[in-house]
Structure formats: structure tokens, C-alpha cells
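The values are calculated or read from the model by the stated rules, or taken from the named source; none is laboratory data. Quick caveat: nothing in here was measured; it's all calculated off a predicted structure. FYI the Cβ positions are ideal-geometry reconstructions off the backbone, even for glycines, and counts take in every protein chain you see. In case anyone asks, the SASA skips ligands and DNA or RNA and just uses the protein heavy atoms, side chains included. Shrake-Rupley method; radii C 1.70, N 1.55, O 1.52, S 1.80 Å.
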Amino acid sequence: MVDVDAILEAAHLKNDHVREYVRHWAGITGADNIEVVSAEDDARLVQEALAAGEILPAGDDLYYSRSYYKDTARSEERTIVATSNPADQGIYNNWYPASEMKEKLVGLMTGASAGKTMYVIPYLMSAPASPLEQYAAGVELTDNRCVVLHMNRMARVGVEFINNLADQDSFVRAVHVTGDLENLGQGTPEDKRYFVTVADERTILHYGSSYGGNALLGKIAHGLRQAAYDGWASREFLAEQFMLLGITDKATGKKWHIAGGFPSASGKTNLAMTLSPDALGDRYYVEFYGDDIAWMWVGEDGRLYGMNPEFGVFGVAKDTNENTNPGAIESIEPGTKAIFTNVAYNEKTQEVWWEGRTPNPPKDLDGWLDWKGNPIAGRSDVEKNDPWAHPNSRFTTTLANVPNIAHDYDNPVGVPIDGIIFGGRTRDREPLIRAITDVAEGVYDGLTLGAEATFAADGLDGQLRYDPMSMRPFLSYPEGLYAAHWLKIIGECTDKPIFAHVNWFQRDAEDGHFLWPGYRDNLRALLWLMQLRDGEVSGVSSPVGILPTKDELNTDGLDIDPADLDTLLTIDVERWKQEIGFRQSYLEQFANLPEEIWAAHRRVAEALGD
Ligand code: GTP
Ligand code: SPV
Ligand code: MN
């Protein structure tokens, strides 16, 4: 048995509540050793992980990691929100009683870290001194060194973040035990994995994965599920799967901030890193604040404020290249300490590659291994066309490596939000952009966000589903109350953000091509929205919001078929009428849905002539 207290003392971990928590879980998990981590330990931990073969070198200060082949995405069925109040059960939060889940997880974790080191990772999901700091501190315990390396990049890590808490007990207890990955029955009826957030005890218990949101507990489990619950329970803030960006018009000096929710793998990272299209010159400059999570609250001036609680980017690798996202490519250059997970790797040259990195895969197959570690050159005929990288393969890099990182990203005050956009992969119906000025209609629009699911969740790719505010996998309390909390927070703003629904993914019904070029050109739609907010354009009204006219949308240098542009800027009324019917039954599932939301739904239905 290790002397826990001596180790914590030596690491200057002074918070007695944290000490008690570490002792408790050290006893349950049976780890052989305990180590407290600070950001400064990263270089040493990298060397240890290299020596142990847990990561591989991928160039100068770049690293490669491969997860178990059945452990490559979040598992939604295995993710649970538990509390002691049955009224917390919603449609999507997969609610269970806290007592049942705690007992189960303690059972699974008992002795499960024997022979391993348990790392103690004190972290902060905010810049220090943020108005929401009391919700931001956490301590992840993990028996996986690779998880530590990822946490070091994704969160602010160090004992200083928990030693001085005003309320010493106000940290999230986040326990991660990897488990025996080869014997967990992933995706079978005997699945042993459990990813549980005991929201009313601010305790996260994740067992059975070393991948992404299943294992980096500051990110999704704390930053979204727990924080959404805390924001609601305190009535103080919203925590959403949102990107957050700033746009500066250098000609006028104006700066706008836009936050937006798109489901996983639907373009948040790309949008927040985007450059102005070449044809718009250097007039507009986009600043990156965050790509996956925003916490939002009402400031004293009556505006909505937002901040990114994360410290890094866990970005989708597929199709990331110099054309689609030059900022991302720069953020993972040699010297950045970036980690690549589940991409293809060349064991001779230490290069990495993924689908869409270059138009064609490397010609010389010598040394190339696919994401499972199998030689590409040795592939059979049936395997020949399999992707080299997993479709949900990722890169992990700190915010400071992102070339367009906002100069004030670390400012705890956050930024005032001018616009809130929702979007997703929708192959028809949704135009390029439709603006919504009424708050209830904006919240209604977010709630009825319908999109095709992606590879970021196991086994769901391409399926059409509703995804409220892009939070479906992260909701921690009932949907009706969630809508009411949104109405309350935005309703308190005296200077409200404008809402909009965007869609970069509409396709041609016949040949399936994307009607909109996407990526950098997406900025054109956002600029129109900000001009609308500022009263510089007026758009045309439609039953589902205000659309840009062809003249208002800046199309300088835009390469698009005029017929495609027409489709993007119009509404398919018949298709929308059908949609209203789907929405009716979707919304009826939710208990306590505010009357304002139903009223917004009826207004849209009536405007469509239903
Ligand atoms: P998570 O990290 O899972 O929450 O994903 P995300 O929403 O940040 O998505 P990301 O920006 O990483 O994009 C996911 C995929 O969509 C990548 O393969 C992108 O290349 C692709 N993508 C992003 N923006 C566009 C776009 O405007 N048009 C098209 N066609 N594809 C896009
Ligand atoms: C997402 O799936 O939305 C992600 C990746 O951001 S993960 O952290 O694995 O949830
Ligand atoms: Mn995400």
C-alpha cells in the first residue's frame, strides 16, 4: 500500500477534500502508485510514454497514439446521467438512480488499477478568475498515462487550481479507470463499459475506454454534462457544445462574436479556425476562441457573455488539409507537441496520414500502417479500399498553437455574444442561412435541430436525428427544463444575440454534390447575419426566418453554380410542411416544454400554411 499522504504532501497538494478523495479512490482502484500531475511534468511523461511504447514519435515534438480498435469514439448507449431525483430523467439523458450506478461502478473499479499508477490531474475548465470559476475545478484520477498527456493539452493542469479554491470542496470528482479493453464486449449485449456522470454529486465515473470524451473527463463529461447540470441547478449559466469565434472588420474596426452549436463532426473546429475567403481580401479577420464548448452567462451590462473552458483542440483529422483548414495544419506542425490518434502511421519515416490530408494516399507504401497497426502493403483484395485512418481519428493540440487564436482568449471576462447559430449536416430542406430575431423561435430552432449523425458516436453515421442545440449526447437534465433554462438566460439579456440556422451540407438531389463550397466561404453567411443584426441589410422574410437576398450575400469571387445558389437561398415549403409534422411528435415527447416553445412551433406551422 502506497503512502498516499506522503505523495500528496510532496506534490504540494494542500486541499484536504481532494486528499480525502484521492485516498478513497486509491483504496478502491488498488493502484500500485500515485502521481500528482502538473503541466510542467509533460515532457517527462512524454519520454516515459515513448519508452513504454504507449505513444510513438511522429516528427519533431509530435506524437502518435493508437487506441484499441473497438474503442474509437464516444459510446452513447453506455453513457449515463445519474442523480438521486427521478424527476431528473429526460428522454435523452439516459437517467439512472445514483445509488445503483455508484454501486455498479465501485464494483467495476475495485482493484481494476492494480499494478498501475493512478495519476492525479487537478484541472481547471476556465481561465483563472472567470466568473464561473467555482464550477470549473476538477480532479481527474486516471490509470492511463496517454490520457494524462491529452488532459495536459486539453485543460489547464496543476495543483494551483485546486489548492486555493474559495470553497475547498467545490471540485468535480472525475474518476477514470481504463479496464481490460480487450475483454469488455464493446458493442455487444455483454458490454461492460459504463460512463456515468452523477450530476447532483458532481462525480464522474468512467470505466472501460481510453478514448476522447470517454476518458478525458474535463472535456465532455465535466465541460458539458456536469456543467450543463450545474448551470441549470444554479440558474446561472449555459454549457453547450458550441464553437466560439470573433470576426473583425478591419475597414470599420467593428468586432462581432458568434457562438454556435453543430453536432459532433459537423464543422465547429473548421469554422472557428476559418480564414476569410481570398476574394474578400484581408478585410475580415476571424479569431478562434473555442471549437467545442462554450459556457455562457448574462453579464452586468445585460449582454450574453461566453468563454471556452478548454485549453486545447481535439479535432477531427479527416479532410483536414492546407485548403480546408490551414490553421489546423499549422497548429499541428513540428514543435507543437500535438498528438495524433488513430490516423495512419509510417513506422519507418514516422509520418502520419489520413483521408483527405492529400488528394491521394502516399504512393510508396513502405512502412505505412493503417490505424489498427496493420501494414497497408499487406492488405488483401477485400481490404484494399478500407480507409487508412479511422473516420473519427483526431489531433490534439493546445489553443496557443492555433494561428488565429484570439489575443484575449485567456481573458476570464469572456466575450459578448452577438449571434447564436445552429447547424448540422442536413442534405435537404435547410437553406444556407435563415436568421431568427425572436428568442423563443431561436430556442425552438435549436431544440429542433435535425442533422445526420456522424462517426464521432459509435455506429450512427448518416442517420437523421433530432439533436437539441447539438447537445443530445450531453444532456444531463430533462429537455423541457433545458428549453426553459435557455429562455430564462437569454430572456435576462437586455441586449440579445440574434439567432440563425445555417447549413453547409445541402446536397443536390440527383448527384449528391454539396451545393455550397463550405469551409472558408461559410464566413459569407456569418457576415450577412452580422449586417442584419446591425441593420445594414434587411433580407427577405420566410415562414422559417429571414433569408439573405442574392445581392446581400457577398459573393465576390465565390465559385458556385447560380442554380445551386438559388436553391441555397430559398425554402422548400412542401418539405418544410412535412418537417413540421415530424417536429410535432418529436416535441410531444418532452415533459414541461414551455408554452413559448409550443407557441413558436405553431407560428412557424401557420406561416407555412398548415
Ligand atoms: P467535434 O470535434 O466532433 O465536435 O466536431 P466539429 O463539429 O468540430 O467538426 P469539424 O470542424 O472537425 O469537422 C468535421 C468534418 O466536417 C471534417 O471532416 C471537416 O472536413 C468537415 N467539414 C467542416 N466544415 C465543412 C464545410 O463547410 N463543408 C463540408 N463539406 N465539410 C465540412
Ligand atoms: C465530440 O464527439 O463531440 C467530441 C469528441 O468533441 S469527444 O471528446 O470524444 O466527445
Ligand atoms: Mn464535440
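Beta bridges per DSSP, both residues in the stretch 158-275: antiparallel share near 70 percent. Shape analysis of the stretch 1-98 places it in the oblate category; the axes a ≥ b ≥ c from the Cα gyration tensor give an a/c of at least 1.5, with a/b not above b/c. Between D278 and A563, what is the FRET efficiency for a Förster distance of 30 Å, r being their Cβ-Cβ separation, to the nearest 0.05? For D278 and A563, the calculated efficiency is 0.80.
When only alpha carbons are used to place a centre, the stretch 455-527 and the stretch 239-308 end up 15 Å from one another.
Rolling a 1.4 Å probe over the protein chains gives K577 an accessible area of about 60 Å². Across the stretch 409-520, the relative contact order, built from alpha-carbon pairs under 8 Å that are at least six residues apart, equals 40 percent. For the chain, the relative contact order comes to 15 percent (Cα pairs under 8 Å, sequence separation of at least 6).
Remark: the K102-N323 segment gains 74.8 nm on full extension, using 0.36 nm per residue and subtracting the alpha carbon distance. Between I91 and K372, the FRET efficiency from the beta-carbon distance, with R0 = 35 Å, is close to 0.45. What is the percent carbon and sulfur in the accessible area of the chain, measuring with a 1.4 Å probe over the protein chains and ignoring ligands? Percent of accessible area from carbon and sulfur atoms in the chain: 48. Ranking of L50, L8 by solvent-accessible surface, largest first: L50, L8 (1.4 Å probe, protein heavy atoms only, all chains present). Each residue of the stretch 357-372 was assigned a 3J(HN,Hα) from its phi angle through the Karplus curve 6.51 cos²θ - 1.76 cosθ + 1.60 (θ = phi - 60°); the sequence is 5, 9, x, 10, x, x, 6, 7, 7, 4, x, 7, 10, 6, 5, 8 Hz, with glycine and proline shown as x.
Taking 18 Å as the limit for the C-alpha separation, the pairs K104/K219; K219/K268; K363/K384; K102/K192 exceed it in the case of K104/K219. For I560, no residue has an amide H sitting under 5 Å from its own, ignoring neighbours fewer than 5 places away on the same chain, with H placed 1.01 Å from N. Going through the stretch 504-579, which GluC sites (Glu not before Pro) have at most 11 other Cβ atoms within 10 Å and a DSSP loop state? When the GluC sites (Glu not before Pro) of the stretch 504-579 are filtered for loop state and at most 11 Cβ neighbours within 10 Å, E510, E536 remain.
Computed from phi, the 3J(HN,Hα) profile of the stretch 185-194 under the Karplus parametrisation 6.51, -1.76, 1.60 (θ = phi - 60°) reads x, 3, x, 10, x, 9, 3, 9, 7, 9 Hz, with x in place of Gly and Pro.
The phi-based Karplus calculation (6.51 cos²θ - 1.76 cosθ + 1.60; θ = phi - 60°) puts the 3J(HN,Hα) values of the stretch 411-423 at 6, x, 5, x, 10, x, 9, 8, x, 10, 10, 10, x Hz, whole numbers, x for Gly and Pro.
Using 0.36 nm per residue and subtracting the Cα-Cα separation, the extra length available between A114 and D60 on full extension is 16.0 nm.
Full extension of the chain between R465 and D495 yields a length gain of 7.5 nm, computed as 0.36 nm times the residue separation minus the alpha carbon distance.
A crude spin-label estimate for the pair N33 and V2, with each label 7 Å from Cα along the Cβ direction, gives 0.8 nm. Rounded to the nearest 5, what % of DSSP beta bridges with both residues in the chain are antiparallel? Of the beta bridges lying entirely in the chain, close to 65 percent run antiparallel. Across every pair of non-identical alpha carbons in the stretch 446-572, the mean reciprocal distance, once inverted, gives a Kirkwood radius of 17.0 Å.
Working from label points 7 Å from Cα in the Cα-to-Cβ sense, the K384 to V413 distance is 6.2 nm. Shape class of the stretch 208-340 from the Cα gyration tensor (axes a ≥ b ≥ c, square roots of the eigenvalues): oblate, since a/c reaches 1.5 or more and a/b does not exceed b/c.
Each of N163 and R507 was given a label point 7 Å from its Cα along the Cα-to-Cβ line. The distance between the two points is 5.5 nm. Within a straight-line Cα-Cα reach of under 16 Å, K372 can be paired with the following aspartates and glutamates, leaving aside sequence neighbours fewer than 8 residues apart in one chain: E54, D71, E182, E347, E351, E355, E383, D386.
Using the Cβ-Cβ distance between E574 and A10 with R0 = 45 Å, the FRET efficiency computed as 1/(1 + (r/R0)^6) comes to roughly 0.05. Among the GluC sites (Glu not before Pro) in the stretch 127-197, those placed in a DSSP loop whose Cβ has at most 13 other Cβ atoms within 10 Å are E190.
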